[in-house]
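First up is the structure itself, then whatever we jot down about it.
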Amino acid sequence: MSLKEKLELLNDQSSITEIQNYIEYMKKDRGFDTIPIEREFMLMTEEVGELAKAIRKETNGYLDPARTYDFHSCEASLVSPVGIEPTTNP
């Protein structure tokens with residue numbers, strides 16, 4: 001089963017174990033299962049920074065508690081650089 005097919009099996013009802021299994025498979029598929037934990041943490045931090053940047057751009061730097069946001073456009077910032085197309089489900 002391809003990485004994309006495995007990702008498509010995950011949804012809002014997926015268990016922590018299912019998500020962890022996907023991440024473990026993804027890391028092996030991309031060769032990240034052999035890098036030091038420090039490097040892995042740095043890469044994850046970079047991705048979180050990209051997500052924060054996309055959210056800041058979407059919200060103009062301010063989260064209005066009275067507004068409902070659709071952050072699906074931010075999802076593309078996080079997953080497209082690693083070769084997985086974002087989902088279109090809200």
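The values are calculated or read from the model by the stated rules, or taken from the named source; none is laboratory data. Just so it is clear, the model here is predicted, and its values are computed rather than measured. Heads up, the Cβs are rebuilt from the backbone with ideal geometry, glycines too, and the neighbour counts pull from every protein chain shown.
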Hits in the stretch 40-63 (condition: more than 27 Å from Glu5 (Cα to Cα) and of a type in the set (D, E, K, R)): Lys53, Arg56, Lys57, Glu58
Matching option when the condition is in contact (Cβ under 8 Å) with a residue 60 or more places away in the chain and of a type in the set (D, E, K, R), among Lys27, Lys53, Lys4, Lys57: Lys4
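Residues checked against (1) surrounded by fewer than 11 Cβ atoms within 10 Å (Cβ to Cβ); (2) modelled with pLDDT under 85; (3) in a helix (DSSP H, G or I); (4) of a type in the set (Ser, Thr, Tyr):
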| position | (1), (2), (3), (4) |
| --- | --- |
| Asp33 | no, no, yes, no |
| Leu63 | no, yes, no, no |
| Thr68 | yes, yes, no, yes |
| Pro81 | no, yes, yes, no |
| Asn89 | yes, yes, no, no |
Test: Tyr25 is outside any helix (DSSP H, G or I) and surrounded by 11 or more Cβ atoms within 10 Å (Cβ to Cβ): no
Filter pass, Thr17 being of a type in the set (Val, Ile, Thr) and at pLDDT 85 or above: yes
